[in-house]
1. Hey, could you check segment 78-111 for residues that are of a type in the set (Ser, Thr, Tyr) and under 20 Å from TRP29 (Cα atoms) and say which is surrounded by the most Cβ atoms within 10 Å (Cβ to Cβ)?
2. In segment 25-65, what residues are closer than 19 Å to LEU120 by Cβ and of a type outside the set (A, V, I, L, M, F, W, C)?
3. Any chance segment 18-26 includes a residue that's surrounded by fewer than 20 Cβ atoms within 10 Å (Cβ to Cβ) and either free of Cβ contacts under 8 Å to residues at least 40 places away in the same chain or over 18 Å from THR158 (Cβ atoms) (or both)?
4. Scan segment 46-58 for residues that are surrounded by fewer than 23 Cβ atoms within 10 Å (Cβ to Cβ) and in contact (Cβ under 8 Å) with a residue 12 or more places away in the chain and report the count.
5. Identify all residues within segment 162-180 that are in contact (Cβ under 8 Å) with a residue 24 or more places away in the chain and of a type in the set (Gly, Ala, Ser); write none if there are none.
6. Which residues, counting only those in segment 114-129, are more than 11 Å from the chain's Cα centre (by Cα) and either of a type in the set (Gly, Ala, Ser) or surrounded by 21 or more Cβ atoms within 10 Å (Cβ to Cβ) (or both)?
7. Considering only segment 136-154, state which residues are of a type outside the set (A, V, I, L, M, F, W, C) and either surrounded by fewer than 22 Cβ atoms within 10 Å (Cβ to Cβ) or touching an Asp or Glu at 6+ places or on another chain (Cβ under 7 Å) (or both).
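Read-outs: derived from the displayed coordinates by stated rules, not from any lab. On a predicted model such as this, the values are computed, not experimentally measured, just so you know. Don't worry about glycine lacking a Cβ; one is built from the backbone with ideal geometry, like all the others, and counts go over all protein chains shown.
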Amino acid sequence: MMTITDAQQDMRRSYYGGAPGVVTSGLIWLMAGMVAVYSTPKYGIAALIIGGMFIFPLSLLLCKLFGASGKHDKNNPLGPLAMEGTFWMLLSIPIAFAASLYRVEWFFPAMLLVIGGRYLTFCTLYGMKIYWILGGTLAVAGFVLVLLYGSTMLGAFTGAAIELIFGSVIFASYKQELMTSST
């Protein structure tokens with residue numbers, strides 16, 4: 001029987017601390033922002049929704065590039081939490097879409113709240129408190145964008161910047177953990 005600490009370590013080892021997923025998500029947000037700039041906000045929204053379907057498979061490729069398996073132990077008790085968080089996020093996307101029907105600028109801030117909420121569970125999944133900070137930062141950014149009447153593009157680029165910065169920090173942090181544990 002795995003302890004929570006063992007289960008978290010298995011998740012970190014399997015998914016390189018979650019960094020590939022955060023970076024991949026940040027790149028999808030960046031793509032959505034670019035589409036919104038060079039096309040229309042609605043196409044930017046579509047880019048995030050469609051691109052979001054590729055986050056997990058692309059992050060698995062990155063995991064493998066960094067030497068992680070991209071697959072946790074089948075007996076890991078945290079495995080169901082990962083799936084439950086994914087289902088919660090998927091079921092929340094229609095709320096963000098509905099908000100965009102009222103004001104198109106609200107889609108990306110609403111998605112920042114949805115994604116931020118999901119990242120809060122990653123603290124338990126990976127045993128890394130940085131995910132609380134990431135989730136909180138995304139949520140605060142979503143609220144601030146609405147309060148300041150931020151543009152659609154600003155919402156997309158904000159999500160991209162936050163995730164790419166945190167993804168880089170998580171990557172470096174996990175790499176440091178690997179170097180420390182090997183000595």
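1. Per the criteria, the residue is SER100.
2. The answer is SER25, GLY26, GLY52, SER59.
3. No - not one qualifying residue is present in segment 18-26.
4. 8
5. Those that are in contact (Cβ under 8 Å) with a residue 24 or more places away in the chain and of a type in the set (Gly, Ala, Ser): GLY167, SER168, SER173.
6. LEU125, TYR126, GLY127, MET128, listed by residue number.
7. If the condition is that a residue be of a type outside the set (A, V, I, L, M, F, W, C) and either surrounded by fewer than 22 Cβ atoms within 10 Å (Cβ to Cβ) or touching an Asp or Glu at 6+ places or on another chain (Cβ under 7 Å) (or both), then GLY136, THR137, TYR149, GLY150, SER151, THR152 are the ones that fit.
One line per residue, one yes/no per condition, for (1) outside any helix (DSSP H, G or I); (2) at negative phi; (3) in contact with a helix residue (DSSP H, G or I) (Cβ under 9 Å, 6 or more places away or on another chain):
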{"position": "ASN76", "(1), (2), (3)": "yes, yes, yes"}
{"position": "LEU91", "(1), (2), (3)": "no, yes, no"}
{"position": "GLY117", "(1), (2), (3)": "no, yes, yes"}
{"position": "VAL140", "(1), (2), (3)": "no, yes, yes"}
{"position": "GLY159", "(1), (2), (3)": "no, yes, yes"}
{"position": "LEU164", "(1), (2), (3)": "no, yes, yes"}
{"position": "VAL169", "(1), (2), (3)": "no, yes, yes"}
